[in-house]
Amino acid sequence: MPVGASLPWGCCSGKTQSGVTRMNAFREIKPVELPNCKLVKGIESGSEDLEVLHNGLAFISTGLKYPGIKVFEPDKPGKILLMDLNEEDPTVLELRITGSNFDLSSFNPHGISTFTDEDNTVYLLVVSHPDLKSTVELFKFQEEEKTLLHLKTIKHKLLPKINDIVAVGPEHFYATNDHYFVDTYLTFWEMYLGLAWSYAVYYSPNEVQVMASGFDFANGINISPDGKYVYIAESMAHKIHVYEKHANWTLTPLKSLDFDTIVDNISVDPVTGDLWIGCHPNGMKVFFYDPENPPGSEVLRIQNILTEEPKVTVVYADNGTVLQASTTASVYKGKLLIGTVFHRALYCEL
């Protein structure tokens, strides 16, 4: 497929029943290359999610340990890395975590999100899985010291299996639970049978409520630049859902888009409002890893998602020879940063 090839909206339905088919076990990947791409030095064990601030600083979560997923550094705790996309040849720096009550040894970061307060204080919210449980860790970013000050650990019964998060305040967020069950054995059968029981939650210190449900593996979640719409990726149904957000934080479904790939994390361009999606074109290979036949990567861009004819473009696609198991992609001033579940990260010019 040529660079920037476009797909008509709704062309590729992902509504299937077979567990094998839902994971795109047999799909072939047509490579779509970008100029001047290079692997990011210092990222060897994943870059599952990333968040780019308006000033070009990017937070990257690495070292995720997730049941059934390959781990290259199983004995090391996860980290949050910082990358300055304004640099000509950006490198990553591990952010030191401070705070007396935080257990670094069990840190297992997954989805991340930031919130910038009126006084320009930047809060980083990180989904973590200590001992395969689910928490949200709240940090304050201290830019001069290049540290993260741990402020709080958030737990709740409606946050049992968190995947991703989008902050709407320092302690306010929407989050997806990718499974209904917590037990690893039960989650396997939940996914294999296609039980659409996962859900999305709104959390605040005073109120926690399920806002959307009935998902077959709720995954990435994000919000439009104007704060009026929430986007949720339903991985195993191959869908992106659009919801209208109301003043009381409730969500009303507006539309869904179908794809022929497993959609993962969603990034939103703060300038254009375009959605950038990290995808798994052959998801079975993610769960049954073979270094001789690795999982591929795919990045989609969705323009004008609120219109009757959104434009969907395959911006990047690789069969795993360069980048394995992409999960996320974000843009900043003509550059594209692509993250993965357990592999490397790729930095490209658009």
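Placing dummy labels 7 Å off each Cα toward the beta-carbon, the span from Leu306 to Val208 is 3.2 nm.
Once you have a ≥ b ≥ c as the square roots of the Cα gyration tensor eigenvalues for the range 80-119, tell me rounded if a/c is under 1.5, and otherwise prolate or oblate according to whether a/b is larger than b/c. The shape class here is oblate. Rounded to the nearest 500, the helix-only mean residue ellipticity at 222 nm of the chain stands at -1000 deg cm²/dmol, with each DSSP H run of n ≥ 4 adding -39,500 (n - 2.57). Name the most mobile residue of His179, His150, His280, meaning the one with the largest mean-square fluctuation, in a Gaussian network model of the chain with Cα contacts below 10 Å. For the chain, modelled as a Gaussian network with Cα springs under 10 Å, the answer is His150.
Rounded to the nearest 20 debye, the dipole size of the range 74-153 about its Cα centre is 520 debye, using +1 on the Cβ of Lys and Arg and -1 on the Cβ of Asp and Glu.
Each label point was placed 7 Å from the Cα along the Cα-to-Cβ direction; for Asp119 and Lys228 their separation is 3.2 nm.
Calculated from the structure at hand, log10 I(q)/I(0) by the Debye sum over Cα atoms at q = 0.08, 0.09, 0.14 Å⁻¹ is found among [x] -0.40, -0.50, -1.16; [y] -0.44, -0.56, -1.32; [z] -0.33, -0.42, -1.13 as [z]. Compared with the direct C-alpha span, the chain from Asn248 to Asn101 gains 49.6 nm at full extension, assuming 0.36 nm per residue. Accessible surface computed residue by residue for the chain, with neighbouring protein chains in place and a 1.4 Å probe, gives 43 Å² per residue. So which of Lys70/Lys333; Lys140/Lys255; Lys133/Lys335; Lys38/Lys79; Lys38/Lys255; Lys140/Lys228 end up more than 31 Å apart, counting from Cα to Cα? From Lys70/Lys333; Lys140/Lys255; Lys133/Lys335; Lys38/Lys79; Lys38/Lys255; Lys140/Lys228, over 31 Å: Lys70/Lys333; Lys140/Lys255; Lys133/Lys335; Lys38/Lys255. Here is the tail figure for the range 79-155: Cα pairs spaced more than 20 Å apart come to 32 percent of all pairs. Spacing of the modelled spin labels on Glu292 and Glu88, each 7 Å from Cα toward Cβ, amounts to 4.4 nm.
Seen from Ile277, the other residues with C-beta closer than 9 Å to its C-beta sum to a net charge of -1, counting Lys and Arg as +1 and Asp and Glu as -1.
The values are calculated or read from the model by the stated rules, or taken from the named source; none is laboratory data. Bear in mind the structure is a predicted one, so any value in this text is a computation, not a measurement. Here Cβ is always computed from backbone atoms with ideal geometry, including for glycine, and neighbour counts include all displayed protein chains. All accessible areas refer to the heavy atoms of the entire protein, side chains included, with ligands and DNA or RNA removed. Shrake-Rupley method; radii C 1.70, N 1.55, O 1.52, S 1.80 Å.
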